[in-house]
1. Return the residues of the range 313-342 that are under 27 Å from L102 (Cα atoms) and open to solvent by less than 10 Å² (accessible area, probe 1.4 Å); say none if nothing qualifies.
2. Going through the range 58-92 one residue at a time, which ones are at pLDDT below 90 and either in a strand (DSSP E or B) or in contact with a Gly (Cβ under 8 Å, 6 or more places away or on another chain) (or both)?
3. Give the residue that is least open to solvent (accessible area, probe 1.4 Å), with candidates limited to residues of the range 261-283 that are over 14 Å from H239 (Cα atoms) and assigned to a loop (DSSP other than H, G, I, E, B).
4. Would you please name the residue that is surrounded by the fewest Cβ atoms within 10 Å (Cβ to Cβ), looking only at residues in the range 343-363 that are farther than 28 Å from K87 by Cβ and not hydroxyl-bearing (S, T, Y)?
5. Got a sec? Which of V131, V148 is at pLDDT below 95, over 19 Å from S200 (Cα atoms) and in contact with a strand residue (DSSP E or B) (Cβ under 6 Å, 6 or more places away or on another chain)?
6. Taking the range 74-133 as the region of interest, how many residues are closer than 22 Å to T284 by Cβ and small (G, A, S)?
7. Of the residues that sit in the range 189-235 and are in a strand (DSSP E or B) and under 19 Å from N291 (Cβ atoms), which one is most open to solvent (accessible area, probe 1.4 Å)?
8. Being touching a residue at least 60 places away in the same chain (Cβ under 8 Å) and touching a helix residue (DSSP H, G or I) at 6+ places or on another chain (Cβ under 7 Å): is that true of F322 here?
Amino acid sequence: MSNKPLLLKIVSIVTYLTAFLSVCLFVNTQMVKYDYFIYLYGDSTAPGSKALVKVLSRDGELVSNPVVFVNGVKQLSSLIDLRPDMKEIKVVFGTTEAAFPLKYKDVADYGFKPQKKLRPTKQEAEKAKIVNVGNRKIFLLPENFRAVSEFETTVGLYCTENDKPCTDTSIFLDGSQHELNGGFMKFSTVFGKDQGVNISFENGDSGYIPIPYPGKMFKFYKTKDSLTLAALSDTRNVHIDCFNEGKWVGTDIVSVSYEGLVLPKVYMQCDTVQASLNSAFPGTMSAVLTNVKTPVGKVDDPYYSALSKAFQHFSPSAQRYFTTSYNSSFFQPLSTIFSGEKLEKEFNAARDKELSAYRIMLIISSILGFAIFAYIMFKNIKVVEDEDGEVISNSLAKQRAIAICALTFFALFILGLLYFLNNLA
């Protein structure tokens, strides 16, 4: 019997330490959030295929220039090879690193759907008006689709009459006379805020011709030896995509200024180069440069299709220019081949399981602590009398009421603590 108080003390200490430890572990685990999401983009999930790694913070900010490790091996860029032995991708940026337990099977089982080529929106097509000058129709086809009027742009001018090249031998552009060869000519200009050009003919017919699909940000400059990309303002995280024969070769994420960035020589070997702020979701802020000589899709755009009626009557050089200009109206988005939201769900499921274990520990220790506290409270309830037999303690009823109030407060505290922990942000 003499060991009973000691045993009670030991059980009490263990119980309260367990409750305290479970609270600390619960809070620490609850505060651990999934702060970064990994996404893989590409056009295939077959072994050996390329994938572009992008990491976004929880607030949607793209991580710039991360150092990527696959299975602990540093990669040369954000482009990685999909390998069957892939178990983990880790990215390091600044003093932060984020590891993702991403296996090749997760990518292979994702079930991505290749995205279709993007075309001008219906609203853009409705604004691309064909202008009649007398009996002629005048078309302006920028060398790079979505011409940005603030940059110097090479433009192909087509003049048709009754769906054939017009017979005029010259044309005036903003008052300057130019030779018109078989209804076609090329010129370079900076359109400026007007986004168009004034034209006239020797017989006095004149009109204002706007750019059909004005651009917003990017411009490619191509020379014999180099390819340069410029932007209207200093822009980070610009995606440069390379395609050959419709197959995605790779993507670089770079910073571009108004002065322009000379792209690596490898881009001179691409038959199509794309620039955007997001290869998967480019919107209308994009640019495409292509030298593909055959149409990559049906000529069904209202502006281009109106000119295609006279296509066969133009010279071979005018036909080639039409085709490359039309092909540059297509943007091939990269497909999402893995979404980091899947890893977040797995992370949250594992965390919830761990939190449930700590919650059970806390509930059990709280019930046991409640029982010990109740036992001690009621065990010590007694009436104390002085030498004259007068009661100097509270009555039994009052002491029991005090004990019940203390136990009620204890229970409410535990319930409040559990509620607070479950709703901890």
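The values are calculated or read from the model by the stated rules, or taken from the named source; none is laboratory data. Just so it is clear, the model here is predicted, and its values are computed rather than measured. Cβ atoms come from the backbone with ideal geometry, glycine included; neighbour counts cover every protein chain shown. To get the accessible areas, we keep the full protein, side chains included, count just its heavy atoms, and leave off ligands, DNA and RNA. Shrake-Rupley method; radii C 1.70, N 1.55, O 1.52, S 1.80 Å.
1. P333, L334, S335, I337, F338, G340
2. Once the filter is applied, which keeps residues that are at pLDDT below 90 and either in a strand (DSSP E or B) or in contact with a Gly (Cβ under 8 Å, 6 or more places away or on another chain) (or both), the range 58-92 yields only L62.
3. C270
4. Going through the qualifying residues, I end up with I360.
5. Working: V131 fails: over 19 Å from S200 (Cα atoms).
Answer to the selection: V148.
6. Final tally of qualifying residues: 2.
7. Restricting to residues being in a strand (DSSP E or B) and under 19 Å from N291 (Cβ atoms), the top hit is K222.
8. yes
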